[in-house]
Amino acid sequence: AKQEGRNRYCFFAIELEQELMKRQQLESRLRHALKKHELVVLYQPKFKLSTQEIVGAEALVRLLDEKGQFISPADFIPLAEESGLIVELGKQVMLKACEHMKFLSAKGFDLPISVNVAAAQFSSAELEQDIKDALAFNMIPAKLLELEITETALMVDAQATQHKLEQLKLLGIDISIDDFGTGYSSLSYLKKFKVDIMKIDMSFVRDMLNNKHDFEIVKTIISLGHSMGLKLVAEGVETLEQQNALSTLGCEIGQGYLFSKPISAEQLLRLLEK
Ligand code: C2E
Ligand code: CA
Ligand code: CA
Ligand code: CA
């Protein structure tokens, strides 16, 4: 039994070591990309459900591995958050997004772009200045920029959040609550915080047509949002049936593989030109 225990211990130790190595590699990959400004930013368009027109796009970051393949943000965003690199990452994504807004604008498309903001980035004292700089440098009006923030990130320091949101609103930036309904928070913050948009999390959309509870949740989020004067965006729309159901429930905007995967700024331009 003792021998067995030791073997198991070795097994875990090896796994742990491999895990640590993978993490270290990923972190050095990320540091390198940040140093060289090599992060890639893709855009997933948002569609007005009633007309199918593109009304905006979300910036989604990608890291390249040594073979030039995309590493998913699901793998490196948590690492960036733990290692403190997330603030610099967020700043670079913001800058790229503004550059791409300028690129699209030069082609005649003033498309609103949303950028994901992590909790640590939202709390950072430089957020507002970084945004102002990125906008000014590319001569982009603040009203074209939208920030996607999770309720969890908003709740870290409710007092500071309220002030920050007011400052951002003064600039003319729209605020969207990302993954609405999945965080641990009370709804009372909705009264206090000035937000403009709710994004219905894809976990609810995915099962809304085969799970009665998910359907009711989606329906409730939409009516809650509307009663507060907010715009609704559904993420993860993959089927026509979901699109129709969301539309019937009054959701204005959809995003998901049914319409488009995240694509490059050049591909987005081609889609807009169609
Ligand atoms: P998110 O903000 O909730 O973004 C939606 C994710 O769902 C994206 O994954 C998108 O590619 C994916 N998606 C879109 N439509 C569909 C669909 O129809 N079906 C399915 N199954 N998935 C769909 P992605 O790009 O891998 O990003 C994952 C998460 O990483 C994002 O979730 C966001 O939390 C984070 N992230 C991405 N870019 C950034 C960034 O620049 N900054 C920060 N702080 N976080 C980011
Ligand atoms: Ca998002
Ligand atoms: Ca989301
Ligand atoms: Ca989500």
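The values are calculated or read from the model by the stated rules, or taken from the named source; none is laboratory data. The structure presented is a predicted model; accordingly, all values stated were derived computationally and were not measured. Every residue, glycine among them, receives a Cβ derived from its backbone with ideal geometry; neighbour counts consider all protein chains shown. These area figures cover heavy atoms from the full protein model, side chains too; ligands, DNA and RNA do not enter into them. Shrake-Rupley method; radii C 1.70, N 1.55, O 1.52, S 1.80 Å.
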Dipole of the range 92-139 [Lys/Arg +1, Asp/Glu -1 at C-beta], most positive-end residue of LEU104, ALA120, PHE137: LEU104
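Where in the range 138-221 are there trypsin sites (Lys or Arg not before Pro) that are in a DSSP coil and have at most 15 other Cβ atoms within 10 angstrom of their Cβ? Provide the component values of the computation, followed by the final result.
Numbers: sites: LYS143, LYS164, LYS169, LYS191, LYS192, LYS194, LYS199, ARG206, LYS212, LYS219; in loops: LYS194.
Filter output for the range 138-221: LYS194.
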For LEU49, distant residues with modelled amide H under 5 Å away: ILE253, GLY254
Which of LEU95, LEU230 is most accessible, then next, and so on - probe 1.4 Å: LEU95, LEU230
5 Å-binned pair-distance histogram of the range 1-146 (Cα, whole percent): 2, 8, 16, 17, 15, 12, 9, 6, 4, 3, 3, 2, 1, 1, 0
Rounded accessible area per residue of the chain, 1.4 Å, Å²: 54
Label-point separation in nm, ASP207 to LEU187, each point 7 Å along Cα→Cβ: 2.1
Where a label projected 7 Å from the Cα of GLN129 along Cα→Cβ would reach, residues of the range 23-41 with amide N under 19 Å: none
Rounded to whole Hz, the Karplus (6.51, -1.76, 1.60) HN-Hα couplings of the range 163-175, x for glycine and proline: 4, 4, 4, 5, 4, 5, 4, 4, 5, x, 8, 8, 10
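Express the carbon and sulfur contribution to the solvent-accessible surface of the chain as a percent, rounded to the nearest whole number, probe 1.4 angstrom.
So the carbon and sulfur contribution to the accessible surface is 54 percent.
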C-alpha center-to-center spacing [the range 231-274, the range 187-211] in angstrom: 16
Exposure of SER105 as accessible area (Å², to 10), given a probe of 1.4 Å and all protein chains: 50
Segment ASP157-MET21, extension gain: residue separation times 0.36 nm, minus the distance between their alpha carbons: 45.5 nm
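Does the range 59-121 classify as rounded, prolate or oblate by the C-alpha gyration tensor (a ≥ b ≥ c root eigenvalues; a/c under 1.5 gives rounded; else a/b over b/c gives prolate, otherwise oblate)?
oblate
Would you mind checking the pairs LYS164/LYS212; LYS91/LYS261; LYS169/LYS219 and listing those with alpha carbons more than 32 angstrom apart? All intermediate terms of the calculation are to be shown ahead of the outcome.
Working: LYS164/LYS212 38 Å; LYS91/LYS261 24 Å; LYS169/LYS219 28 Å.
Pairs exceeding 32 Å: LYS164/LYS212.
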Area accessible to solvent at HIS32, 1.4 Å probe radius, in Å²: 90
Hz values of 3J(HN,Hα) by residue in the range 42-56 - Karplus curve (6.51, -1.76, 1.60), Gly and Pro given as x: 9, 10, 9, x, 10, 10, 6, 5, 6, 10, 6, 8, 7, 10, x
Accessible surface ranking that places the most exposed of ASP110, ASP65, ASP133 first, with a 1.4 angstrom probe: ASP110, ASP133, ASP65
The range 24-86: trypsin sites (Lys or Arg not before Pro) falling in loop per DSSP and having at most 12 other Cβ within 10 Å: LYS36, LYS67
Probe 1.4 Å, all protein chains present, accessible-area order of CYS10, CYS98, largest first: CYS10, CYS98
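Just flag the chymotrypsin sites (Phe, Trp or Tyr not before Pro) in the range 100-182 sitting in loop per DSSP whose Cβ has no more than 16 other Cβ atoms within 10 Å. Walk me through the numbers before you get to the answer.
Details: sites: PHE103, PHE109, PHE122, PHE137, PHE180; in loops: PHE109.
When the chymotrypsin sites (Phe, Trp or Tyr not before Pro) of the range 100-182 are filtered for loop state and at most 16 Cβ neighbours within 10 Å, PHE109 remain.
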